1. Leaving out same-chain residues fewer than 8 places away, which aspartates and glutamates sit with a Cα under 16 Å from that of A:LYS393?
2. For A:ARG74, list long-range residues whose amide hydrogen, built 1.01 Å from N in the peptide plane, is under 5 Å from its own amide hydrogen.
3. Under 23 Å from the Cα of A:LYS409, which lysines turn up, not counting those fewer than eight places away in the same chain?
4. Over the Cα atoms of the stretch A:112-196, what radius of gyration and what Dmax do you get, in Å?
5. Run the simple label-point estimate for A:GLU496 and A:ALA268 please: 7 Å along Cα→C-beta, distance reported in nm.
6. Neighbouring Cβ atoms within 10 Å as the yardstick, rank A:LEU450, A:LEU164, A:LEU305, A:LEU98 fewest first.
7. Give the percent of DSSP beta bridges with both residues in chain A that are antiparallel, rounded to the nearest 5.
8. Compute the FRET efficiency between A:MET321 and A:ALA472 as 1/(1 + (r/R0)^6), taking r as their Cβ-Cβ distance and R0 = 35 Å, and round to the nearest 0.05.
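Every number here is computed from the coordinates shown, using simple stated rules; none is lab data. All values reported here derive from a predicted model rather than from experimental measurement. Glycine gets a Cβ as well: all are built from the backbone with ideal geometry, and neighbour counts include every protein chain shown.
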Amino acid sequence: MNTDNIQNPAEEESRPLNFIHQIIEEDIRNNKNESRVHTRFPPEPNGYLHIGHAKSICLNFGTAAKYNGLCNLRFDDTNPAKEDTEYVDSIMEDVHWLGFDWGDNLYYTSDYFEQIYRFAEKLIIKGKAYVCDLSADQMSENRGTPTRPGNESPYRNRSADENLDLFHRMRAGEFPEGARVLRAKIDMASPNMHMRDPILYRILYASHHRTGDTWCIYPMYDFAHGQSDSIEGITHSICTLEFEVHRPLYDWFINELEIFAPRQIEFARLNLSYTIMSKRKLLELVMEHFVDGWDDPRLPTICGLRRRGYTPESIRNFSEMIGVAKRDNIIEVSALEFCIREDLNKRANRAMAVLNPLKVVITNYPEGQVEYIDAINNPEDETAGTRKVPFSKELYIEQDDFMMDPPKKYYRLAPGAEVRLRYGYFIRCTDVIRDSNGAITELHCTYDPLTRGGNSPDGRKVKGTIHWVSAAQAVEAEVRLYERLFLTENPDDVPEGADFKSNINPESLRKVTGFVEPSLMNAHAGDTFQFERLGYFCLDPDTSSSKLVFNRTVPLKDSYARSEKTEKK
RNA sequence: UGUCCUGUGGUGUAACUGGCAACACAACUGAUUCUGGAUCAGUAGAGUCUAGGUUCGACCCCUAGCAGGACAACCA
């Protein structure tokens, strides 16, 4: 391995390095660890991954790829009470879906339980760890506070032999849960709370999803993470900011154990406006049925975004775009939406769908006639080809595309006005039919037969083009329209005593029944489309042979709606 | 009243390690368009938390403040 690759500007362009890559390049220049770069993504299998994890996944796997290194997937499974293989499976699925591959480098912290146990023995023998019999409450009391030093445990000065014996018996299952713990002997007066004789091992009679009942003592995060990194030869252990205060402890263990020293680097976790990222709160939303499961398309979980219609590429681009730094941040959702629109614009086939139907009868069109019109699948991609769309006397258009008394800059249909039906004909509205309550039930229009395909031989222009479906051939579909899950930009920011759930948007999901063009009947779950003039949609797995279900991924930008809004102000 | 971290346009990230602040998103204007989309061209918006200091010169270095965040689970 050499450093050539980092100076290769061919594809890297001159995009500035983030601070982590600056550190890495400096390490490479100094030939630290023979210029090897080895990272890891270390989730605890106790929940589903969300877009914040995606940032970390892209960072870790992306960094390894950038520097021709390796990235491990390691399950940090030291707390059997909370972990489960269900989560292991979903995490592997999500990482793969995002487009990353750990190859043979799949590990579990539980693989190292025996070795970590030996590490503990070594500390005991060195006089750097002791078995403590204090209860959880007593220990908490003795720990002091950030501004007040703690008190030393009365068990702190047991002999190494006694500690070793007690520790062995802890493992042998001689003591009940909570009776004893193994602690490091550091400094009860340290200004860093994590250095006040932290717990290394606790007794837990819980069955572990991988080691079963082999163990009844389990190492704590701090005593497992750095050592696992060390065992795997991780050179750069990248984690989020809250572990910054753990770093002195991380380094202390590595140093006392005299083992390979990875370097922990912390970055600011991702926050997205109008949503939450905390696993605990996500779980709450799922358990209390504010959403319909972990893959609810309103959730920022990877599986939720997938179901919503987000592509792996869009999420990877997003991760790249938001950057990596140490200051707290809240990224605007519009940045995420930009990424998915940018991606889908290039790859999603177009289709026509009417979500709020208004019937249109073409009075001068032959009764019973159906013709099939060519429509372009994707104007951004010539290779996508064309398809046939049926046209007939009775159509549906969008209610929004007709106005009785249109304002100045309304380009759509109105009494007497002419518009183009996309890929179809020019039509002019001649009559408005109402029911006994005065509500508009249908429109009568005439079409100009010479404008087939959408152009007039006399060079006549129309300003508006609207989408439509043929009533007889259109297929009914349930369309789920999602809005942001929360009303406020930062749902976590609530007044004293209030709950983040008080900020939930009661209208985050609206289901409508609309009509889609018949070609969509052949779609498969997960397929994405642009419904012309409406937005990007994907076929939901809830679709059955009797019912199509679409999710709106994101609406199209709508500068007309925006200008309307500002005019009303 | 402790330790650690962080303060740059609305948002996020940069600034060749001291040479008068750039890029993206968002916003706005115009052109173009059979999607009020996309595309193209352009406009506006910060003088870098504050006060001192060093320097010919400070976003960058020093000092003192201020503001925000993390840390007191037998969680990770």
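1. Within the straight-line limit of under 16 Å, A:LYS393 reaches these aspartates and glutamates: A:GLU367, A:GLU371, A:ASP431, A:GLU442, A:ASP448, A:GLU517.
2. A:PHE41, A:TYR107
3. A:LYS409 reaches A:LYS461, A:LYS463, A:LYS557, A:LYS565, A:LYS568, A:LYS569.
4. Considering the stretch A:112-196 through its Cα atoms, Rg and Dmax are 13.1, 39 Å.
5. Result for the modelled spin labels: 2.8 nm.
6. Details: A:LEU450 12, A:LEU164 17, A:LEU305 25, A:LEU98 20.
Ranked by crowding around the Cβ, least crowded first: A:LEU450, A:LEU164, A:LEU98, A:LEU305.
7. Values: 58 of 85 bridges.
Restricted to chain A, the bridges split so that about 70 percent are antiparallel.
8. The value I calculate is 0.15.
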